[in-house]
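Read-outs throughout are calculated quantities, based only on the coordinates presented, and are distinct from any laboratory measurement. Source: prediction; values computed, not measured. Here the Cβ is made from the backbone with ideal geometry for all residues, glycine too, and neighbour counts use every protein chain on show.
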Amino acid sequence: MTAEHTVEDLRMRDGRGYRVQLCVEPGTPHSPEFLRGRIAEAFTRLSSQSRWQRFSAPIHRLSARQLDYLTDIDNRDRVAWCASVGADDSEVGIGLARYIRLQDEPEVAEFALTVVDAYQGQGVGSQLMQKLIESAAANGLRVLRGYVLRSNQRMLAICRRRGAALSTADASTIVAEIEVAAWSGGQP
Ligand SMILES: CC(C)(COP(=O)(O)OP(=O)(O)OC[C@H]1O[C@@H](n2cnc3c(N)ncnc32)[C@H](O)[C@@H]1OP(=O)(O)O)[C@@H](O)C(=O)NCCC(=O)NCCS
């Protein structure tokens, strides 16, 4: 890998090391096929509560169609950052943040963020969100929009820290909108 690649080595709150990089990046092992395997495997390590918080549905496994959708990345309109522990062959995925630009609102993208349960509360989600915001700003987006369950205090904390405008989507869901230009240079 060369210096052009996006790999960044970071530390969790408890001191463990982890790595953040684009999920799909030419010239690295991170191909769409690699990502597909990683997402399917990491999903098996998500609790039912985390699956519910992420998908707002009781999903037991990801379908081939969902995996197609989640791995369709172009690093501009469809961007994903991942976090992992262990290097190269022993790399294990621990988190993923993604956005997809909306066709009918081209300055807006919808985001989603997931960290596997064993690594939640360690600052990984916050770092992934920051990377996503920086990519969004660099790719000309104005707003990252996410749908967050009212009970999801960690996700709401990440959004509030970045000045998100919060509004009601329905009885159980909040819409969070982050203006990316204001936060793309900030600390996570
Ligand atoms: C939501 C999620 C992505 C957050 O990632 P994380 O790595 O666990 O979060 P972090 O450790 O970065 O903490 C995020 C914030 O929550 C706060 N926090 C941590 N634990 C908390 C808790 N138990 N209750 C409330 N806030 C908490 C942190 O202090 C931090 O706030 P700060 O940045 O203002 O300090 C992760 O918990 C997750 O994947 N949950 C299941 C899927 C999901 O909910 N996805 C969101 C759908 S959009």
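Before moving on, here are some points about what is shown:
- The distance linking region 11-65 with region 66-91 is 7 Å (Cα centroid to Cα centroid, whole angstrom).
- Computed from the Cβ-Cβ distance with R0 of 25 Å, the FRET efficiency linking residue 139 to residue 16 stands at 0.20.
- Dipole magnitude for region 7-183: computed about the Cα centre from +1 point charges on Lys and Arg Cβ and -1 point charges on Asp and Glu Cβ, it is near 620 debye.
- Since only 116, 130, 92 are under comparison, the one whose Cα sits farthest along the positive direction of the charge dipole of region 90-138, derived from C-beta charges on Lys, Arg, Asp and Glu, is 92.
- Förster radius 41 Å - calculated FRET efficiency between residue 169 and residue 88 (Cβ-Cβ, nearest 0.05): 0.50
- Each Cα pair under 8 Å and six or more residues apart adds its sequence gap; the mean of these over the residue count of region 7-183 is a relative contact order of 17 percent.
- Taking all C-alpha pairs of the chain, those more than 23 Å from each other amount to 39 percent.
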